[in-house]
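Notes follow the structure.
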Amino acid sequence: MNIALIGYGKMGHEIEKIALDRGHKIVAIIDVNNVADFDSPAFKSADVAIEFSTPDSAINNYRKCFEANVPVVAGTTGWLEHMDEVKKACAKQGKTFFYASNYSLGVNIFFTMNKYLAKIMNNYSDYDVKMEEIHHIHKLDAPSGTAITLAEDLIKEVDRKERWNLEVEEKKTDVAIHCIREGEVPGIHEVIYESEVDVISIKHESKNRKGLALGAVIAAEFTNGKKGFLGMNDMLNF
Ligand SMILES: NC(=O)c1ccc[n+]([C@@H]2O[C@H](COP(=O)([O-])OP(=O)(O)OC[C@H]3O[C@@H](n4cnc5c(N)ncnc54)[C@H](O)[C@@H]3O)[C@@H](O)[C@H]2O)c1
């Protein structure tokens, strides 16, 4: 496929390597200093754009892709207040948009484990639940998009929890998410249930960014010939 990269930082570089390894061609690379290239023939020749930029720039980049009729695989987190606009563009204008808060296969297995455990724990009110996520110091948003997905999935299953909250459990119905930023940690997420007698926790730790980048390239391949709003549930069979 002809792939355009939007955002050429840590993820953009990792995705480039994997896309080339899988036989794709990188036809355009857009970063903060050459956004005018959205209007270039090279960008318009892309079969798909893979976007990993910044929370503030993501929605404008998606609008540019829609204008150029280039399908998007979106990895940036921290822009979800614009989700309705994106979903409308897919439903009403036939655009293609794939979003995952986390593209790694391992994390998506972990998402499934989280939902299953939450279903069980719904019946055991002696346990309170909290979450912790650790990322590198350059990360701009908190909690991470992955932590928000985990919290929202959990809240759907555990009736005694109503919302997530950054750092503190103001009410018993809150799930507190403790966010730590240290060193170059690629990403650690833990969901912790605790009663007076024991602790049950599930944890995922990324060792590097390869799994994330591979998942994004596979998602780009998956968009080929498809329309509408897509996600990991459409792509994975579990
Ligand atoms: N969904 C996932 O699986 C996943 C995985 C890792 C990272 N992320 C998210 O992806 C985003 C990027 O992560 P990263 O680690 O590559 O960050 P990074 O800081 O290394 O790279 C971001 C790049 O975007 C560029 N940029 C800034 N403004 C831009 C603009 N207007 N247009 C195009 N590019 C612009 C920056 O110059 C930089 O090169 C973050 O939001 C991060 O949280 C998501």
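The values are calculated or read from the model by the stated rules, or taken from the named source; none is laboratory data. This is a predicted model, so every value here is computed, not measured. All Cβ positions, glycine included, derive from the backbone under ideal geometry; neighbour counts span all protein chains shown. The accessibility values were calculated without ligands, DNA or RNA, using every heavy atom of the protein model including side chains. Shrake-Rupley method; radii C 1.70, N 1.55, O 1.52, S 1.80 Å.
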Please go through segment 91-102 and pick out each residue that is of a type in the set (A, V, I, L, M) and within 11 Å of the ligand (Cβ to nearest atom).
Ala100
Is it the case, given these coordinates, that Asp39 is of a type in the set (Asp, Glu) and farther than 25 Å from Thr149 by Cβ?
yes
State the number of residues belonging to segment 87-111 that are over 15 Å from the mean Cα position of the chain (by Cα) and β-branched (Val, Ile, Thr).
1
Arg63 passes all but one of (1) of a type in the set (D, E, K, R); (2) within 16 Å of the ligand (Cβ to nearest atom); (3) under 17 Å from the mean Cα position of the chain (by Cα); (4) under 22 Å from Thr223 (Cα atoms); which number fails?
(3)
Report yes if Asp47 is of a type outside the set (Ser, Thr, Tyr) and either in the same structural domain as His13 (by TED's automatic domain parsing) or more than 11 Å from the ligand (Cβ to nearest atom) (or both), otherwise no.
yes
Just for helices (runs of 4 or more DSSP H) wholly inside segment 7-92: which have at least 2 residues that are open to solvent by less than 30 Å² (accessible area, probe 1.4 Å), under 18 Å from Asn224 (Cα atoms) and of a type outside the set (S, T, N, Q)?
10-21, 58-67
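For (1) touching an Asp or Glu at 6+ places or on another chain (Cβ under 6 Å); (2) touching a residue at least 40 places away in the same chain (Cβ under 8 Å); (3) among the charged types (D, E, K, R), each residue gets a yes or a no:
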position: Gly9; (1), (2), (3): no, yes, no
position: Glu14; (1), (2), (3): no, yes, yes
position: Val35; (1), (2), (3): no, no, no
position: Asn61; (1), (2), (3): yes, yes, no
position: Gly78; (1), (2), (3): yes, yes, no
position: Cys90; (1), (2), (3): no, yes, no
position: Thr96; (1), (2), (3): no, yes, no
position: Asn108; (1), (2), (3): no, yes, no
When you check Asn2 against the structure, is it surrounded by fewer than 20 Cβ atoms within 10 Å (Cβ to Cβ) and free of Cβ contacts under 8 Å to residues at least 24 places away in the same chain, yes or no?
no
Has segment 130-149 got any residue that is touching a strand residue (DSSP E or B) at 6+ places or on another chain (Cβ under 6 Å), in a loop (DSSP other than H, G, I, E, B) and open to solvent by 60 Å² or more (accessible area, probe 1.4 Å)?
yes
Condition check: more than 19 Å from Ile109 (Cα to Cα) and within 13 Å of the ligand (Cβ to nearest atom). Does Pro143 satisfy that?
yes
Of all residues making up segment 103-117, the number that are open to solvent by 70 Å² or more (accessible area, probe 1.4 Å) and within 12 Å of the ligand (Cβ to nearest atom)
1
